[in-house]
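J.: Please see the structure below; I have some questions.
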Amino acid sequence: MSKRKARDAHLPIGECITQVQQILRERFCERLLPDRPEGVEAQYKHLLELLRRTAIHGESNSVLIVGPRGAGKTMLLQCVLRDLQKEEKVQKNLLQVHLSGLLQTDDRTALKEITRQLHLENVVGDKVFGSFAENLAFLLEALKKGNRSSSCPVLFVLDEFDLFAHHKNQTLLYNLFDVSQSAQAPIAVVGVTCRLDVLELLEKRVKSRFSHRQIHLLSSLNFTQYLERVWTQLSLPDSFPDKKFAQEWNAGVKTLCEDKSVEEVLQRHFNSSKDFRSLHMLLMLCLSRVSVAKPTIKPADLLEASRMCFADATANMLHGLSILELCLVIAIKHLNDVYEGEPFNLQMVHNEFKKFLHRKSNSMYNFEQPVVMKAFEHLQQLELIRPVDGSSAKVQREYQLMRLTLDHSQIMDALQKYPQCPTDVKQWAMSAFG
C-alpha cells in the first residue's frame, strides 16, 4: 500500500521542474547516449561488426567515418563502443587509444599520448628509442602478453583525422596502417573527419596501406522527421516520478509542436542546418525559460530562443563599444561611402572624425591622438577591421591600410539598439556623407 502511495504521490511543482531541467539538460548536452542511434542503423551495424572482428577474432581493420559536423559521427562511434563493451571477452581484452588532431599536433606528441593512455610510461622510460617507427613498434610489442601468438587488440580512434594528414611525412598514419595490414598485434584504426576529400590528403604509401573502407553519415532527414525529433527530445520518459506532471508536460509539448508559428520557426532552423547540435541549442534556450511560475514551454519562448540563435554576434559586439570606438566605426562607414569600399588608415579615419567635431560647439568627444589610436587598435583586436592582405609591416601603424568587416546594415541596426547613444552621433551616422 505504501509503495502504491509513493508511486501515486504528486511531487511539489518546484521538485518537478528541477527534475525536468536535469533530465532534458543531460539529453541536450549529449551526456546520455541513445539506446540505438536513429537513422544510421546500417552504419551502426557495419561499424559494430568491424570492431567486433578486431576485438574478438584479432582481425586488424581500418575505417573512416565521414560526415558534416553535427551529423552524429562521434555519437555513432560511442554507441558502438558502449555496446561492444557489454561483451565480456571484449571488456577484458580491448585497449582503446583516443587521439585528436586538434590536441596532438605532431607525431611526437601523439606518441606520448599513446604511451600515456596505454600506461606504458615506465616501460618507455627504461628503453632508449631510435626513430618514431621503432618507438611505435616497441609500444605494440609491449602489448603482447603470454606467448607471441596472442596479443591484446588495440583500437585507435583518430578524431579530426584530416589534421593528422598534415603531420610531417604522415609517419603516425603510415605506421598505424602498416601494422593494421601486417600480421603483428591486431589493431583497428578508426578515423573521424568532416572532409569528403580526406583520401586526397594522404601520401601514396599511406593510401596504399589503408583499407579504403568509408562509412558516410549524410543526413536524409525530412521536416516531418525533424518535428518528431523535437517532440521526442522535449518529452519526458515514462520513468518520471510524477506521472500526472509528465502527462501534462508531454501534452503541452505536443500542442507546442502543432502550433503554426512554432512550425515556421522550426522550418527556418531546418532549412539553415539539420544538425542536432543547433537544435539542442535552440531547445536548451527554451528550457532555460521554464520556471515554477511558468512550468511549460510556450510558442513565445521558442520564438525568443530562435531570435537569440539567429542574432548577429558581430553586430552584438558593437553594443559593447565605447562612444569613441563607435564614432570611429561611423567615420569608417562614411569613408567607405565616399571612396566606395577602398582601404583606409587611422589617419584618414581620425581626419573624418575631426570633421564631425568641428561641427560641434561642445568638445565632449575631443580625444588625444594616442587615445584614438588605442581605440582603433581595439577595433582591430575585435576583428571589426582587418589589415589589407600583403600590407607592409614596415609601414607606421597610423598609415597601415585596413578594411571594414561590417556591413552598413549591421552598423545601423546596432546604432538603433545602442544603449543611450547620443542623438548627434546617430544623426551623423544617418547623414549621407559625414
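The values are calculated or read from the model by the stated rules, or taken from the named source; none is laboratory data. This structure is a prediction, so every number in the text was calculated from the model and none was measured. Here the Cβ is made from the backbone with ideal geometry for all residues, glycine too, and neighbour counts use every protein chain on show. These area figures cover heavy atoms from the full protein model, side chains too; ligands, DNA and RNA do not enter into them. Shrake-Rupley method; radii C 1.70, N 1.55, O 1.52, S 1.80 Å.
J.: If GLU263 meets every condition in (1) in contact (Cβ under 8 Å) with a residue 60 or more places away in the chain; (2) open to solvent by 30 Å² or more (accessible area, probe 1.4 Å); (3) not β-branched (Val, Ile, Thr) apart from one, which number is that one?
T.: Checking GLU263 against (1) in contact (Cβ under 8 Å) with a residue 60 or more places away in the chain; (2) open to solvent by 30 Å² or more (accessible area, probe 1.4 Å); (3) not β-branched (Val, Ile, Thr), the one that fails is (1).
J.: Further, regarding this structure: Could you list, in sequence order, the residues of segment 210-239 that are of a type outside the set (S, T, N, Q) and more than 31 Å from the chain's Cα centre (by Cα)?
T.: Listed by number, the list holds a single entry, ASP238.
J.: Can you tell me which residue among VAL371, VAL329, VAL338 is touching a residue at least 40 places away in the same chain (Cβ under 8 Å), touching a Phe, Trp or Tyr at 6+ places or on another chain (Cβ under 7 Å), assigned to a helix (DSSP H, G or I) and of a type outside the set (Gly, Ala, Ser)?
T.: It is VAL338.
J.: Those residues that are in a loop (DSSP other than H, G, I, E, B), open to solvent by 40 Å² or more (accessible area, probe 1.4 Å) and not β-branched (Val, Ile, Thr), I need them from segment 268-294; list them, please.
T.: Answer for segment 268-294, where residues must be in a loop (DSSP other than H, G, I, E, B), open to solvent by 40 Å² or more (accessible area, probe 1.4 Å) and not β-branched (Val, Ile, Thr): LYS274, SER288, ARG289, SER291, ALA293, LYS294.
J.: Is it true that SER306 is loosely packed, with under 15 Cβ neighbours inside 10 Å and either touching a helix residue (DSSP H, G or I) at 6+ places or on another chain (Cβ under 8 Å) or in a helix (DSSP H, G or I) (or both)?
T.: So SER306 fails the test.
J.: Which residues, taken from segment 148-195, are in a loop (DSSP other than H, G, I, E, B) and surrounded by 14 or more Cβ atoms within 10 Å (Cβ to Cβ)?
T.: CYS152, PRO153, GLU160, ALA165, HIS167, GLN184, ALA185, PRO186, CYS194, ARG195, listed by residue number.
J.: For segment 82-102, enumerate the residues that are open to solvent by 10 Å² or more (accessible area, probe 1.4 Å), more than 19 Å from VAL198 (Cα to Cα), touching a residue at least 60 places away in the same chain (Cβ under 8 Å) and under 27 Å from the mean Cα position of the chain (by Cα).
T.: Matches in segment 82-102: GLN96, HIS98.
J.: Restricting attention to segment 384-431, report how many residues are among the β-branched types (Val, Ile, Thr), outside any loop (DSSP other than H, G, I, E, B) and surrounded by 12 or more Cβ atoms within 10 Å (Cβ to Cβ).
T.: Going through segment 384-431 one residue at a time, the tally reaches 3.
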